[in-house]
Amino acid sequence: MSQLPDLDAKVPPVVWAIGGLLAQLTLRRRRPATWARALSLLVLVAAAAFGAWGVRGFQREATTIDPHRITEVTSLVTVGAHSVSRNPMYTALLGGLVSVALWRGRAAALLPVVAVWAALSTFQVPAEEAALASAFGSEFARYRDAVPRWL
């Protein structure tokens, strides 16, 4: 690959998500309505399944899921969850945070979700996409144009 962005200097996406979760947990919890708790569990299960589907696509292609090992990417995964979203694992992290916000029963618990989304959209995803564009050229450009970054 040619000049790749330095992803080692980036905060790992899971750290952003843990930071968002910790911020949510600092808020005083309200007892959410039964429907909100049910929706929270539904969102959590859907997010976990979507993230696992994304990981499975990487495993099938025998390529790395570690965003800091971008030079070890062996193929562009475009099937399964990756045919729906270019970032299913990050979407799953955000879905997990939405689930926690619903369970906390406070609208303010959605603020960390927005902050983590903004951090990923500003720092992590553009660097990864630059690396993929460098590695896969027009194949990545076609994929980028056909599949949304998020759901």
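Some values worked out for this structure:
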{"item": "Among residues of segment 119-151, those that are more than 19 Å from His68 (Cα to Cα), open to solvent by 40 Å² or more (accessible area, probe 1.4 Å) and in a helix (DSSP H, G or I), counted", "result": "6"}
{"item": "Within segment 62-106, considering residues that are assigned to a loop (DSSP other than H, G, I, E, B) and at pLDDT 95 or above, the one most open to solvent (accessible area, probe 1.4 Å)", "result": "Val79"}
{"item": "Test set (1) under 20 Å from Leu120 (Cβ atoms); (2) of a type outside the set (Ser, Thr, Tyr); (3) open to solvent by 20 Å² or more (accessible area, probe 1.4 Å) - Arg28 fails condition number", "result": "(1)"}
{"item": "Val77 vs. criteria among the aliphatic types (A, V, I, L, M), in contact with a helix residue (DSSP H, G or I) (Cβ under 6 Å, 6 or more places away or on another chain) and touching a residue at least 24 places away in the same chain (Cβ under 8 Å)", "result": "no"}
{"item": "Per-region count, segment 30-46, residues of a type in the set (A, V, I, L, M), in contact with a helix residue (DSSP H, G or I) (Cβ under 8 Å, 6 or more places away or on another chain) and modelled with pLDDT under 95", "result": "1"}
{"item": "Residue within segment 136-148 that is in contact (Cβ under 8 Å) with a residue 40 or more places away in the chain and within 14 Å of the chain's Cα centre (by Cα) present", "result": "yes"}
{"item": "Qualifying position, being farther than 30 Å from Ala135 by Cα and either modelled with pLDDT of 95 or more or part of a helix (DSSP H, G or I) (or both), among Leu27, Leu21", "result": "Leu21"}
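The values are calculated or read from the model by the stated rules, or taken from the named source; none is laboratory data. Model, not experiment: these values are computed from the prediction. Using ideal geometry, Cβ is built from the backbone for each residue, glycine included, and neighbour counts are taken over all protein chains shown. Each accessible area value is taken on the protein alone, full model and side chains, heavy atoms only, with ligands, DNA and RNA left out. Shrake-Rupley method; radii C 1.70, N 1.55, O 1.52, S 1.80 Å.
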